[in-house]
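Here the structure is laid out as structure tokens; the discussion comes afterwards.
The values are calculated or read from the model by the stated rules, or taken from the named source; none is laboratory data. Worth saying up front: this structure is predicted, and the values here are computed from it rather than measured. Virtual Cβ from ideal backbone geometry, glycine too; neighbours counted across all protein chains shown.
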Amino acid sequence: MPRVRKATLESKSVVWNIALYIRLSKEDWRDDDRADNQKRARGRLADNTTDVSRSIVEQRKMLEEYVETHFQEEYTVVDVYMDDGLTGTDDSRDSFQRMMEDVEGGKVNCIIVKTLSRAFRNYADQGRYLEQIFPRKGVRFISISNPFVDSYENPDAIQNGMEIPINGLMNDRYAAKTSADVRRTFDAKRRRGEFIGAFAPYGYHKDPDNKGHLIIDDEVADVVRNIFLWFVNDGLSKASIAKKLNGLGICCPSTYKAHVQRLNYKNPSLAKSDGLWSGSIVLGVLTNEVYIGNMVQGRSRIISYKVHTQRRVPQDEWYIVPNTHDAIIDKETFDKAQLLHSRDTRTAPNKRTVYLFSGFLRCADCKRSLRRRMCKDYVYYHCRTKVDKGYCTDHAIREDKLIQAVLSAIQVQIATVESLTDILDEINQNPAVKTSSTRLNSLLATREEELHKMLTAIDSLYLDWKSGEISKDDYHRMKGNFDEKCNRLKEAIEAIKGEINNMSNGVNADDAYLTAFTKHKNITSLDRGIVTQLIDTIYLHEDGKLTIKFAFADELKRVADFIENNRQGLTVIA
């Protein structure tokens with residue numbers, strides 16, 4: 001209830017409608033007593049002072065005591081406006097704006113704060129409010145601590161003095177320094193892979209014993225796993241996954257945080273979403289590396305300590321630290337999801353699943369994707385360039401024949417890989433393989449020594465020219481010969497290093513790109529998951545023949561090269 005004090009006979013006729021404004025920054029929060037921090041409902045203000053910061057309570061007592069002691073005029077304390085845990089570098093604070101609305105409505109004509117920095121840490125905002133907005137609205141502004149400010153009793157101190165502007169500038173610079181220090185600290189934590197967000201990503205909790213570490217939230221981890229499986233294996237589109245989750249009554253991440261975990265989570269879209277999933281939310285899950293155990297932070301940043309608008313950061317500037325916490329999704333499934341997302345995998349009207357070959361079929365000549373159409377009782381794929389623009393040639397294939405051809409090609413590829421694994425087992429048991437790296441290292445040292453001698457000769461040649469021992473024409477002719485030899489040596493050195501790298505890495509029969517094929521060795525039919533994992537692109541030629549570019553082509557070539565080199569013995573690079 002507002003408290004009213006009657007004016008005495010000696011008091012003036014002015015009636016002051018007072019707003020007590022209190023602000024506590026995040027930095028002040030950290031300075032509060034630890035026990036009080038545990039009791040505080042973060043970011044939520046209540047009439048019960050045990051639910052707010054200890055410093056908030058102290059500020060309120062100071063302001064109330066000042067009003068009781070110093071105001072002889074008639075006054076009413078309209079309200080106490082509190083912004084807990086918010087910066088003063090802009091005026092977008094909720095309670096500050098509510099107070100200004102009461103000023104505009106004529107409910108408040110006097111504002112009292114503890115210090116200028118409680119109301120303003122932005123030098124420009126301080127000048128605008130004290131010198132323009134408050135005088136124009138007839139608002140009395142009082143700051144009770146050093147420097148003491150009372151715009152009614154001593155307006156010249158604001159309009160003509162130097163102390164208040166200088167104090168405002170110092171507050172502004174302090175905020176800038178604090179912001180820079182906090183940013184450096186946060187960046188250091190990001191580089192170490194420590195989680196610094198206010199709320200853990202969907203599917204994870206903050207570790208109670210280490211707030212910078214994430215642990216799996218078993219309540220919703222299966223939801224994340226299902227999203228990936230539905231997208232990769234079942235061929236559901238992102239929109240269809242969202243509809244399925246909504247049909248199952250599973251609330252979206254923002255609603256889960258706010259209403260299930262009961263965190264003080266605020267999101268502008270929360271009220272509009274009604275707890276529903278959308279295709280964009282599903283996409284956010286599918287593309288987040290946090291689910292394979294990598295810490296990903298710094299994807300957005302504020303413009304400055306005064307302008308708190310966030311901007312997206314280019315991906316090459318993100319902080320990505322691998323293997324910081326337990327993964328929910330294996331990397332193979334995650335990589336397949338990224339591949340599918342990069343393709344054209346839109347669903348047909350009134351369909352929930354993506355077609356088996358969506359995003360994989362292209363014309364071998366114009367390289368455009370093929371179009372799917374029904375003709376009588378059959379489904380055909382054909383070149384859309386021919387139909388839409390009249391050029392290119394007829395490329396068409398019936399879907400059932402396409403499926404059988406692709407299945408047969410995959411079966412042949414699997415058989416080939418199986419034979420490679422048998423050969424690899426034999427090679428890896430051969431003692432000669434273990435000594436090959438020693439020979440290569442010796443060869444590398446020889447070639448590097450030759451290169452060093454050649455570069456030294458070029459330097460000496462330059463000195464001979466400058467000293468007059470050889471002519472300019474001789475210098476350029478001889479240097480050209482040396483440069484050509486140096487280039488050949490450099491190429492040889494790079495080739496040897498590549499061989500050493502291949503030998504050191506080795507090739508085992510259980511390497512991921514080999515097991516990707518062998519685990520499907522008994523397949524008799526195709527599904528979306530197999531196509532996604534094993535095939536990169538399918539090209540259709542004019543005569544109906546297919547060229548299939550398999551996934552892991554580079555890795556399989558390395559296996560073949562490894563086998564060839566070790567069957568014939570070490571290849572000597574001259």
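Some notes on this structure:
Yes/no per residue for (1) of a type in the set (Val, Ile, Thr); (2) at pLDDT below 90:
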| site | (1), (2) |
| --- | --- |
| Asp207 | no, no |
| Arg225 | no, no |
| Phe231 | no, yes |
| Leu263 | no, yes |
| Lys266 | no, yes |
| Ser273 | no, yes |
| Ile281 | yes, no |
| Val290 | yes, no |
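- Whichever residue in region 534-550 is touching a Cys at 6+ places or on another chain (Cβ under 9 Å) and surrounded by 17 or more Cβ atoms within 10 Å (Cβ to Cβ) and, among such residues, is farthest from Thr515 (Cα to Cα): Leu540
- You will find that of Ala239, Ala221, the residue that is at pLDDT below 90 and either of a type outside the set (Phe, Trp, Tyr) or closer than 23 Å to Leu356 by Cα (or both) is Ala239 and no other.
- Residues (part of a loop (DSSP other than H, G, I, E, B) and either modelled with pLDDT under 85 or over 24 Å from Phe195 (Cβ atoms) (or both)) located in region 242-260: Leu248, Gly249, Ile250
- Taking the criterion of being crowded, with 20+ Cβ neighbours inside 10 Å and either farther than 17 Å from Ala327 by Cβ or under 17 Å from the mean Cα position of the chain (by Cα) (or both), the residues of region 202-228 that qualify are Tyr202, Gly203, Tyr204, Leu214.
- Listed conditions (1) more than 17 Å from Asp543 (Cα to Cα); (2) assigned to a helix (DSSP H, G or I); (3) at pLDDT below 85; (4) over 29 Å from the mean Cα position of the chain (by Cα) are all met by Ser408, apart from (3).
- Inter-residue pairs, beta-carbon under 8 Å, first free of Cβ contacts under 8 Å to residues at least 24 places away in the same chain and in region 189-202, second part of a loop (DSSP other than H, G, I, E, B) and of a type in the set (A, V, I, L, M, F, W, C), 6+ apart: Lys189/Ile196
- Picking from residues in region 406-419 that are in contact with a Lys or Arg (Cβ under 9 Å, 6 or more places away or on another chain) and not acidic (Asp, Glu), the one that is surrounded by the fewest Cβ atoms within 10 Å (Cβ to Cβ) is Ala415.
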